[in-house]
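Read through the structure below, which is laid out as structure tokens, and then see the notes.
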Amino acid sequence: MLGGKLSLDHLNWQAATDQHGATFDFGMAVANMDLASLSQRLGWPAFTGNIDGRIPAAHFQDNVLRLDGGLEMDLFSGRV
């Protein structure tokens, strides 16, 4: 993905019902993703370099994305 690698640790999807929209639970990691390509696609200012990151667990329900365990990123020669 964008010159790097996208890994899904887990993915659970439940289709929308009459009462609720679709729900997702997932964990993922990205490695060596090209930040310039990502910035361009998202309409951000031009950044360069690569990005590594991990979302241990996330849940999407009722148009809300909730992260469990935080978001870890290696970028700009540092760690966030």
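The values are calculated or read from the model by the stated rules, or taken from the named source; none is laboratory data. Quick caveat: nothing in here was measured; it's all calculated off a predicted structure. We place every Cβ from the backbone using ideal geometry, glycine too, and count neighbours over all the protein chains shown. These area figures cover heavy atoms from the full protein model, side chains too; ligands, DNA and RNA do not enter into them. Shrake-Rupley method; radii C 1.70, N 1.55, O 1.52, S 1.80 Å.
Structural remarks
- Residue in the range 28-50 that is among the aromatic types (F, W, Y), out of contact with any helix residue (DSSP H, G or I) (no Cβ under 8 Å at 6 or more places or on another chain) and over 15 Å from G4 (Cβ atoms) present: no
- Qualifying residue in the range 31-47 (condition: more than 19 Å from S77 (Cα to Cα), assigned to a strand (DSSP E or B), under 14 Å from the mean Cα position of the chain (by Cα) and not basic (K, R)): no
- Total residues in the range 53-80 satisfying the condition of being under 28 Å from A15 (Cα atoms) and open to solvent by 90 Å² or more (accessible area, probe 1.4 Å): the figure is 6.
- Of all residues in the range 7-29, those that are over 13 Å from D68 (Cβ atoms) have Cβ atoms under 6 Å from Cβ atoms of residues that are open to solvent by less than 70 Å² (accessible area, probe 1.4 Å) and among the hydroxyl-bearing types (S, T, Y), 6 or more apart or on another chain, in Q14/T23; A29/S7.
- Selection within the range 9-25 - within 12 Å of Q61 (Cβ to Cβ), of a type outside the set (V, I, T) and either touching a helix residue (DSSP H, G or I) at 6+ places or on another chain (Cβ under 6 Å) or part of a strand (DSSP E or B) (or both): N12, W13, Q14, F24, D25
- Pairs, first aliphatic (A, V, I, L, M) and open to solvent by 70 Å² or more (accessible area, probe 1.4 Å) in the range 41-52, second at pLDDT 90 or above and not in a strand (DSSP E or B), C-beta under 7 Å, six or more apart: A46/A36; A46/S39
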